[in-house]
Amino acid sequence: MVNLTKLYGGLDTTGDPLRYGDRRGPPHDAPPSAKARKPIVVWTMGRRCNLHCVHCYADSADRAYPGELTADEAVRMLEDLAQFQIPALLLSGGEPLLQPDFYELAAYARRLGLRLTLSTNGTLIDREVAEWIKETGFSYVGISFDGLGPVNDRFRGRRGAFAEALSGLRHLKAVGQKVGLRFTLTRRNFEALPEIFALVEREGIDRVCFYHLVYSGRGSRLAQDDLTHAETRQALDAILAWTRSLAVRRIPVEVLTVDNHVDGVYLYLKLVAEDAELADATRRLLEWNGGGAHSSGVGIANIDSYGNVHPDQFWQTETLGNVRERPFSQIWADAGHPLLAGLRDRLPLLKGRCATCRWKTLCGGSFRVRALQATGDLWAQDPACYLTDEEVVG
């Protein structure tokens with residue numbers, strides 16, 4: 001994630017210590033290396049979903065999936081995650097609220113002290129569910145929107161999905177729960193960004209994440225709908241202008257982009273021309289974060305509904321182990337696994353423009369699974385890099 005609110009708007013947000021280091025010591029002390037941090041774990045609780053989203057990384061449907069983790073197996077996994085002291089657990093799916101043991105397992109995770117976030121389509125959240133989420137202690141609930149009204153419904157594969165999700169969001173806001181909007185950028189919807197900006201402000205949404213498309217699950221069939229590099233720059237310019245406007249107006253919305261660490265470099269280059277002092281501070285924060293070099297297989301992990309461990313939630317083609325056979329903590333600490341070893345020291349392995357890019361310590365080679373899906377080569381350059389050759393070489 002690239003936090004535009006902090007890096008471009010100049011405002012601090014609650015997730016900054018995870019992304020940019022926690023400087024609690026003397027002012028000039030550097031925080032511990034991002035590489036040393038424990039991973040945020042995305043748990044795909046189950047694949048069942050009541051919608052049929054065109055870019056779903058799990059390729060979910062509204063049916064049962066035999067062989068998923070039992071409640072007892074999930075409890076043992078949660079206990080291990082708590083003992084391992086992961087910084088956060090994101091409950092995802094499918095649609096997690098459809099999972100039979102969702103409420104019991106989420107409540108148990110909180111009793112273990114795990115920091116919980118929820119990724120949902122929002123259609124199943126009524127006032128009672130919203131109150132339970134708030135009382136249980138979820139730190140954040142993210143609801144996916146990909147446009148307004150019929151545009152969102154076409155993405156979600158069901159008429160009325162937008163109205164139902166908006167109702168769920170309003171129930172959460174009514175009980176004081178922090179909520180966010182998640183929007184995946186494609187050629188089908190990026191021109192709707194002004195409408196999304198207006199929705200966020202009108203509904204008092206606390207956080208908005210703009211996702212770049214990743215070619216996995218059903219999203220792999222959408223590769224042709226990914227933005228061109230020129231369109232990506234156009235979208236980022238609009239998002240950045242809105243972020244700065246929010247900061248000037250003191251509207252407390254946290255704005256982030258996700259799944260393309262090139263955004264940090266693009267932001268830095270823009271700041272060089274606008275505010276040299278802020279540009280220098282932003283570069284230091286981006287270098288500490290490391291971009292893609294400290295994401296998949298380092299600062300983020302996925303456990304799917306069958307207990308398989310993956311480098312991130314989009315990388316379902318590579319399994320590092322299974323929590324039924326070995327605890328997650330042991331799987332993740334296995335320095336002998338060749339993929340984990342490569343991901344944790346990836347900069348020397350990068351190829352193409354990523355290998356020679358002067359910004360690789362900021363970007364970290366961006367998103368490796370997208371390069372793999374597009375080229376068949378894990379270390380090839382990320383096809384979603386929209387920097388010009390001149391910007392890459394300097």
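Quick notes on this structure:
- Label-to-label distance, nm, for residues given as Thr136 and Leu112 (7 Å Cα→Cβ offset): 1.4
- Value of Rg to Rh for segment 170-289, rounded to two decimals, is 0.99; Kirkwood radius and Rg both from alpha-carbon coordinates.
- Simple label model, 7 Å out from Cα along Cβ direction - Thr228 to Thr388, nm: 1.5
- Based on alpha carbons, the Rg and Dmax found for the chain are 19.9, 56 Å.
- Quotient of Cα Rg and 2.2 N^0.38 Å for segment 108-217, N being how many residues it contains: 1.08
- Bridges between two residues of the chain, per DSSP, are antiparallel at a rate of about 15%.
- Exposure proxy ranking, count of Cβ atoms within 10 Å, fewest first, for Thr317, Thr361, Thr243: Thr317, Thr361, Thr243
- When only alpha carbons are used to place a centre, segment 242-299 and segment 303-349 end up 28 Å from one another.
- Per-residue Cβ neighbour rank within 10 angstrom, fewest leading, Thr375, Thr5: Thr375, Thr5
- Among Phe183, Phe367, Phe197, the largest mean-square fluctuation in a Gaussian network model of the chain, built with springs joining Cα atoms closer than 10 Å, belongs to Phe197.
- Charged neighbours of Leu124, selected by a Cβ distance under 10 Å, balance to -3 (K, R count +1; D, E count -1).
- As a proxy for reagent exposure, Thr186, Thr388 were ordered by neighbouring Cβ count within 10 angstrom, fewest first; the result is Thr388, Thr186.
- Distance violations [Cα-Cα > 32 Å] among Lys38/Lys360; Lys6/Lys173; Lys134/Lys270: Lys134/Lys270
- Cβ-defined net charge surrounding Ala241, 13 Å radius [Lys, Arg +1; Asp, Glu -1]: +2
- Considering only Cα atoms, the convex hull volume of segment 272-393 works out to 116 Å³ per residue.
- Between the listed residues Gly142, His261, Gln85, the Cα displaced farthest toward the positive end of the dipole of segment 33-345, a dipole computed from Cβ unit charges relative to the Cα centre, is found at Gly142.
- The helix-only estimate of mean residue ellipticity at 222 nm for the chain, built from DSSP H runs of length n ≥ 4 each weighted as -39500 (n - 2.57), is -11000 deg cm²/dmol after division by the residue total.
- For the chain: relative contact order, % (alpha-carbon pairs under 8 angstrom, 6 or more apart): 20
- Taking packing as the residue-averaged number of other Cβ atoms within 10 angstrom, the listed peptides 291-300, 323-332, 143-152 run from highest to lowest as 291-300, 143-152, 323-332.
Here, each number is a calculation from the coordinates, and none is a lab measurement. As the structure is a prediction and not an experimental result, all values here were calculated from the model. Neighbour counts run over all protein chains shown; Cβ positions are idealised from the backbone, glycine included.
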